[in-house]
Amino acid sequence: MSTTMAGPHAAVPPPAAGGGKNYLNATSGLSSWLLTVDHKRIAIMYLISISVFFAIGGFFAMLVRLELLTPKGDLLTADGYNRAFTMHGIAMVFFFLIPSIPATLGNFLVPIMCGARDLAFPKINLLSWYCYIIGAVFALVAAFSGGVDTGWTFYTPYSSTFSNGAVLSAIMGAFFAGFSSILTGLNFLVTIHKMRAPGLTWGRMPLFLWAQYATSIIQILGTPVVAITLILVALERALHFGFFDPKMGGDPILMQHLFWFYSHPAVYVMILPPMGVMSELVAAFCRRRVYGYHFVAMSSVAIAVISFIVWGHHLFTSGQSVYAGMVFSFLTFLVGIPSAIKVWNWMATMYKGSISYEAPMLYAFGFIGMFTIGGLTGLFLATVALDIHMHDTYFVVAHFHYIMVGSAIFGYMGGLHYWWPKMTGKMYSDGWARLSALLIFAGFNFTFFPQFIVGYLGMPRRYHAYPEEFQVLNVMSTVGASVLAMGYLLPAFYFVHSLYKGKDAGPNPWGAKGLEWQIQSPPITENFLTVPVVKEEAYAYVEGGGGHH
Amino acid sequence: MSKEEGDTTRMATHTTTPHQPAPGGDHGHAAHPSGYAHQFEDLGQQLDSSVLGMWIFLAQEIMFFGGLFAGYSVYRWRAPEAFAAASNHLNVPLGGLNTVVLILSSLTMALAVRAAMMGENKQILRYLVATLILGCTFLGVKVIEYADKFEHHLVPGYNFQWPVASEAAGAQMFYVFYFVMTGMHAFHMIIGAGLLLYFINKARKNTYHTQYYGPIENMGLYWHFVDIVWIFLFPLLYLLGLHLGSGH
């Protein structure tokens, strides 16, 4: 960052008041969106795109849950069921969860929190959205040309030899979505390194930025490995290059190693950003500094580093050596330390804080509970002996949904509710938003808690039929999923309603600290009229100041 | 802005007056140096950022090729004799020629970067053209080598034949890696050649000056990276079995 305040824009006198200009109404027409380089508009385009894929993934999830309502396979054939859960996984993982917070809230907030006019490379940011769209088209082609039945992990030899689905198209989809993720990470790393405003030292950065920084490291170093892996699988399928084919001297286990070298860190691409959102929510709605700021910041980096050395816990029963399994088991336990640091520090922040219960904070409460359950059951599965009993059962499904839905989507929803007034300038109905948060919380737990039990009792994942004694728990799960779906549908209505009928939010509806709350809502295209100067630490709330509003 | 700096808020900025600068990089006030991009404070910050961005991109590239190198290591460890025997069917003189060509192209590329730092657009043009010619030479030699493999039934999954049955699987795996690794490398060379054409055109229009040479520096970083990949590929693929004597 240049130390001078006299940037090219500092000296520009503001033009005459132009009647509430902001990034949304600055220019109009379809091409002003499709060719925009404004990080805020690109964030909105991402928001719309990933919402479409959230709906598609949700649709396939409902197919899965409806099939499992009864023990017999009566709604879908075995093959149809395989395709349903595969498309659910591909849509949710590659096209919703991985881009969710970085590409929407991150795109919108990283430059503003840095005090910058835009990301370092606005055109690359637009390119990243187009990569996503190209990937999305491939994924849709795969879905409409019969789907894929390999599972979202594309394990060989299912994907290379035995599958008769549109594997190549789905692989290209994941490949291009990966590129969009890499480009977003690259942009964030450079922006956070080089474009922070004067006075915004590393130790003053909002914890959301720290979380995005750690996420970007994983996106840069992990994603290319899965990119080359997917290319190798595609070459094996298309040209019979037998990388992973034992007949040709290849090894399918190597494919799993390479795949999980990215795809385990990818779990932290999904969970680190919501952790960053959590720190912002807890500080804003408890009116307190985040307890142990430096520990929370560094735990994000620690999680990113450790995430690269735990992938072998996906291969405990795949033929990996027992000794490797023991090492990976130990390393996996290490992730619990920085994760627990975060949870305890959020709770310590709440302690004696002045807590208020608006919708974003309800999601934050939900996150803490769900993440704790999801994290602790992760330790069960990291224990080799227990994992041999529980691998490939619904226990695993429940565990990772507590992380990927109960934590990641809770964080995403909390962040969306928190920054929606900033992004649109409008307030949504807090009553409806709280109702939706409660429905999602109840529906989620009803869906997935029974799956811990049914998995522990031995019900395997990825089968369309099951023994009758598991039916009660599966019915609970399907009913819960219906409640969950209602909870997800509500925001579509009250968010859209807020755009037309919502109250004006004003610059800072929550009375929160942070650069983004000191500019108008919605912000102008350049975010700031002059380069801001940061003089305080993040979260400089006046303690003991009572409630806000 | 000095008045507001004394405020207790975290920052000093105007937030009340609606203000809309014209979109894009050009918003009407003069005195922007050429090459300046709107989101940066000045050309120094722009240079720092773009070079850091390229290094991060290269880190990504290393991980991309790293997956291939990891796979190569595992399979070579499993079938060392077959890999060595298969390696002896590669054309070492042509591979060696290409190594020299690429190292020379790195020299011309480095000279182009130096010319860019001095703002000498004519020299940039000259050295970039030389780099492009060398790069195309490399790709031409590669085509000759690939064609030879098709003739000699060494293309895996297509027409692979190997005289020693016990080595066939390992030898085929060697050629899988040969084609994918050199293919990925050649793909990066082709991208690089396209970029060179773009920058040749820019240099022809006198785009670069002593304050604005980041794109050429980044082009250089990319080109050197692609060269370094080859520096690893050449011994791993071509020289691996030399001590066993020539296979043909």
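The values are calculated or read from the model by the stated rules, or taken from the named source; none is laboratory data. These numbers were taken from a predicted model, which means no experiment stands behind them. No Cβ is skipped: glycine too gets one built from the backbone with ideal geometry, and neighbour counts run over all protein chains shown.
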Find all pairs meeting these conditions: Cβ atoms under 7 angstrom apart; at least six residues apart or on different chains; first residue within the range A:499-523 and over 21 Å from A:Arg196 (Cβ atoms) and within 13 Å of another protein chain (Cβ to nearest Cβ); second residue in a helix (DSSP H, G or I) and polar (S, T, N, Q). A:Pro507/A:Gln518; A:Pro522/A:Thr424
Please go through the range A:162-177 and pick out each residue that is in a helix (DSSP H, G or I), modelled with pLDDT under 95 and farther than 13 Å from A:Ala234 by Cα. A:Phe162
Every listed condition ((1) more than 15 Å from B:Ala59 (Cβ to Cβ); (2) under 18 Å from the mean Cα position of the chain (by Cα)) holds for A:Ile217 save (1)
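Condition check ((1) within 21 Å of A:Cys114 (Cα to Cα); (2) part of a helix (DSSP H, G or I)) across all residues:
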{"position": "A:Ala481", "(1), (2)": "no, yes"}
{"position": "A:Ala492", "(1), (2)": "no, yes"}
{"position": "A:Pro509", "(1), (2)": "yes, no"}
{"position": "A:Ala512", "(1), (2)": "yes, no"}
{"position": "A:Trp517", "(1), (2)": "yes, yes"}
{"position": "A:Pro523", "(1), (2)": "yes, no"}
{"position": "A:Asn527", "(1), (2)": "yes, no"}
What are the pairs with Cβ atoms under 9 angstrom where one residue, in the range A:197-209, is more than 8 Å from A:Met113 (Cβ to Cβ) and the other, located anywhere, is of a type in the set (Gly, Ala, Ser) and part of a helix (DSSP H, G or I)? Sequence gap at least six, or different chains. A:Trp202/A:Ala297; A:Gly203/A:Ala297; A:Leu207/A:Gly276; A:Leu207/A:Ser279; A:Leu207/A:Ala283; A:Leu207/A:Ala297; A:Leu207/A:Ser300
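Taking only the range A:125-140 into account, find how many residues are touching a Gly at 6+ places or on another chain (Cβ under 6 Å) and either within 22 Å of A:Asp38 (Cα to Cα) or not aromatic (Phe, Trp, Tyr) (or both). Lay out the reasoning, then the answer.
Let us first name the residues in the range A:125-140 that are touching a Gly at 6+ places or on another chain (Cβ under 6 Å), namely A:135, A:138-139.
Filter again for either within 22 Å of A:Asp38 (Cα to Cα) or not aromatic (Phe, Trp, Tyr) (or both), leaving A:135, A:139.
Residues that pass the stated criteria total 2.
For (1) assigned to a helix (DSSP H, G or I); (2) touching a residue at least 60 places away in the same chain (Cβ under 8 Å); (3) buried (at least 19 other Cβ atoms within 10 Å of the Cβ), each residue gets a yes or a no:
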site	(1), (2), (3)
A:His264	yes, no, yes
A:Tyr268	yes, no, yes
A:Ser279	yes, yes, yes
A:Val282	yes, yes, yes
A:Gly319	no, yes, no
A:Ala324	yes, no, no
A:Gly336	yes, no, no
A:Ala340	yes, no, no
Any residue at all in the range A:185-205 that's surrounded by 24 or more Cβ atoms within 10 Å (Cβ to Cβ), away from every other protein chain (no Cβ under 11 Å) and touching a Gly at 6+ places or on another chain (Cβ under 7 Å)? no
Mind listing whichever residues of the range B:43-65 are closer than 12 Å to A:Leu221 by Cα, of a type outside the set (Phe, Trp, Tyr) and either crowded, with 19+ Cβ neighbours inside 10 Å or in contact with a helix residue (DSSP H, G or I) (Cβ under 7 Å, 6 or more places away or on another chain) (or both)? B:Ile56, B:Leu58, B:Ala59, B:Gln60, B:Glu61, B:Met63
What are the residue pairs meeting all of these: first residue in the range A:82-98, first residue of a type in the set (D, E, K, R), second residue assigned to a helix (DSSP H, G or I), Cβ atoms under 9 Å, and 6 or more apart or on different chains? A:Arg83/A:Phe60; A:Arg83/A:Ala143
Residues in the range A:367-406 that are touching a Pro at 6+ places or on another chain (Cβ under 6 Å) and buried (at least 19 other Cβ atoms within 10 Å of the Cβ) total 1
Say whether the condition of being closer than 20 Å to B:Tyr72 by Cα, crowded, with 21+ Cβ neighbours inside 10 Å and touching a helix residue (DSSP H, G or I) at 6+ places or on another chain (Cβ under 6 Å) is met by at least one residue in the range B:131-154. yes
Scanning the range A:237-251 for residues that are farther than 15 Å from B:Ser73 by Cβ and without any contact (Cβ under 8 Å) to a residue 24 or more places away in the chain, the one surrounded by the fewest Cβ atoms within 10 Å (Cβ to Cβ) turns out to be A:Lys247
All conditions in (1) within 14 Å of chain A (Cβ to nearest Cβ); (2) without any contact (Cβ under 8 Å) to a residue 60 or more places away in the chain are true of B:Thr108 except (1)
For the range A:166-184, what are the residues that are touching a residue at least 60 places away in the same chain (Cβ under 8 Å) and surrounded by fewer than 22 Cβ atoms within 10 Å (Cβ to Cβ)? A:Leu168, A:Met172
Please verify whether the range A:61-71 includes one or more residues that are in contact with a Gly (Cβ under 9 Å, 6 or more places away or on another chain), modelled with pLDDT of 95 or more, of a type outside the set (Lys, Arg) and surrounded by 20 or more Cβ atoms within 10 Å (Cβ to Cβ). yes
In the range B:49-67, the residues that are at the interface with chain A (Cβ under 7 Å from one of its Cβ atoms) and either farther than 19 Å from B:His224 by Cα or of a type in the set (S, T, N, Q) (or both): B:Ser49, B:Gln60, B:Gly67
Given (1) assigned to a loop (DSSP other than H, G, I, E, B); (2) more than 8 Å from chain B (Cβ to nearest Cβ); (3) not β-branched (Val, Ile, Thr), A:Ser181 misses just (1)
Residue check, A:Ser28 against (1) in a helix (DSSP H, G or I); (2) within 14 Å of chain B (Cβ to nearest Cβ), all met but one. Which one? (1)
